[in-house]
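To start, the structure itself, in structure tokens.
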Amino acid sequence: MPPRRHVAVDRDLCEGHAQCEMIAPEVFKVGDDDQSHAQVDPVPDRIAGEVENAIAACPRGALSWSDHPPA
Amino acid sequence: MPMTAVNELVAADIALETGGGSLDDLDITTPELYQQAVPFAAFEVLRRQAPVYWCLRPGFEPFWAITKHADVSWIERHPEIFSSGSRNSLSDIDHLEVQNSTRQRRAQEAGCPFEKPHDLLYMDPPVHRDHRSAMSASFSRRLITQFEGTLSMLARRYVDEFVSAMKDADGKSVNAVETLAGKLPITAISIILGVPGESWRDVEQWLNTLFSHRVVGDEDAEARYRETVKEYRRFTIDLIRRRRDDPQDDLVSRLAAAEIGGARLTDREIADHLGLLFGAGYETTRTASTMGLNALLRHPAELRKLVQNPHLLNPAVEEILRWTSPVIQFSRVCQFDTEIRGQRIRRGETVVMFFPSANRDEEVFTDPYRFDITRDPNPHIAFGGGEHFCLGVTLARAELRALFSALLPVLPRIELVGQPEMVPNSLVAHAVERLPVRLRPERGE
């Protein structure tokens, strides 16, 4: 498993269902483009658990941990 | 270990537990079964004893029955392994017969082959993503949130009409499907697609005929069906052409303008997309609404809880979705050898994901057979997940909230007069066509 530092949003899959925003509001915000965007990077350790839950809950499977900061 | 050996072991195991019954006696494929109720007992045996089960039944191509929540979710998130391109739902031979004869007839009429519909259900990524994203803006949270006021207003009107119909029936039963549950879904999807108001009830009539049970060899029914298909097709092609010439802010216009792979969609391609959107937008929400009403009326304590605590509407809607799971199954074809729960699945084999079973998975839901409108968490997968996650999810939830919110004041006075009746012979979705209800007299009346 990659180190839990950055979170990636697959732009082809994300449709802004906002489950992530509800579970980890500090990290995710759905913008006017109907896409979720990570607000903090890297993800602080104290909310890594929330982000883990958000990744699991994304109905489209659009979220994942990543080695790299978001582009 | 060869599959047959594994199955023998599993069969021996269950024989011990059930004192002689065998997994091979379980029935999860007879369409008539689903007319009465989902075979939850059989699914539970499979989840506990053989969650990835090679199902050999007369009248069906052999398939893997997938009954656990985690396995269904995993398959849905791996479209690169499990393709929707060739076969995406389990069909018995009679159903295939109807499907094939329809395609042959369309091919004769059009002079070109009709192998499968050009719709999202039959697509894999990356093509699926291009087509889906041409439509997804019409179902976005932002747009549906703006639509909520309209949905609430419509729901209140339909509930008023429903109450009037029950009063007029004067103690006799009315069918909650046609007097109530079908109204909002057909109007909502029509508005989003861009169907003008004067055609909403036509669309409802056409879809009711198209989705009704077709008996092979019943010539009158076949003729009616063909006439409906013609009217419906004439209407959709005409709508597509009008939107090409004069685009509006609706989904048909969006599809007409979309360029995918450098080309515009043809009328026929758009018509196929619309066919799926009408069906998915109408039938499943109609079923969730009807069966949700049925569930509340059969669980008076939960109904009372909801009426006294309207803030429970959201979790109640989620529980209705889990409880009713309108889609029975979707299938995928495995693209290369893989494993699920240690069971080897070979290239070319079909996996069938049973959503009602996943939504009763005891590993995920405490007390899964309890209808509990306060259930939390409620990670049901009534809308599927991953690549093919229901496109209309936000709309469906908004419709159900609007409907049950409008129903709350009258809910305690509605009573069931009989069992829900399903459209026979469907293994894809529960399509309820009748739920007889009536109004209790008001106190003092």
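At-a-glance table
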| read-out | value |
| --- | --- |
| Top of B:266, B:284, B:374 by mean-square fluctuation, Gaussian network on chain B, Cα under 10 Å | B:266 |
| For segment B:297-376, average projected area of the Cα convex hull in nm² | 6.5 |
| Helix-derived mean residue ellipticity, 222 nm - over chain B, DSSP H n ≥ 4, -39500 (n - 2.57), to 500 | -16500 deg cm²/dmol |
| HN-Hα J in Hz across segment B:308-314 - Karplus 6.51, -1.76, 1.60, θ = phi - 60°, x for Gly and Pro | 7, 10, x, 5, 7, 4, 4 |
| Local net charge near residue B:174, Cβ-Cβ under 15 Å (Lys/Arg +1, Asp/Glu -1) | -1 |
| Placed amide H near residue A:37: partners under 5 Å, 5+ positions off or other chain | A:29, A:30, A:31 |
| Inter-probe distance in nm under a simple model that places probes 7 Å from Cα toward Cβ, at residue B:121 and residue B:263 | 2.4 |
| Order of B:353, B:153 - criterion: other Cβ atoms within 10 Å of each residue's Cβ, fewest first | B:153, B:353 |
| 5 angstrom amide H check on residue B:54, placed H, neighbours 5+ away | B:65 |
| Inter-site label distance for residue B:238 and residue B:108 at 7 Å from Cα along Cβ, in nm | 2.6 |
| Mean Cα-pair separation over length for segment B:305-445, i.e. relative contact order, pairs under 8 Å, 6 or more apart, % | 26 |
| Contact order normalised by residue count of segment B:32-132, Cα under 8 Å, 6+ apart, percent | 19 |
| Neighbour-count order for A:65, B:323, fewest beta carbons within 10 angstrom listed first | A:65, B:323 |
| Considering only the protein assembly as shown, percent of DSSP beta bridges that pair antiparallel, nearest 5 | 90 |
| Cα principal axis extents for segment B:162-212, largest first, Å | 38, 22, 15 |
| Backbone N within segment B:337-367 under 16 Å of label point (7 Å from residue B:301 Cα along the Cβ vector) | B:367 |
| Charge context of residue B:141, other residues only, Cβ under 9 angstrom, K/R +1, D/E -1 | -1 |
| Relative contact order, percent, chain B [alpha-carbon distance under 8 Å, six or more residues apart] | 26 |
| Order of A:55, B:260 - criterion: other Cβ atoms within 10 Å of each residue's Cβ, fewest first | B:260, A:55 |
| Karplus-derived 3J(HN,Hα), 6.51/-1.76/1.60, for each residue of segment B:233-242, Hz, glycine and proline x | 5, 4, 5, 5, 4, 4, 4, 4, 5, 4 |
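Computed from the coordinates by the stated procedures, all read-outs in this text should not be read as laboratory data. Everything numeric here is computed off the predicted structure, so don't read it as measured data. All Cβ positions, glycine included, derive from the backbone under ideal geometry; neighbour counts span all protein chains shown.
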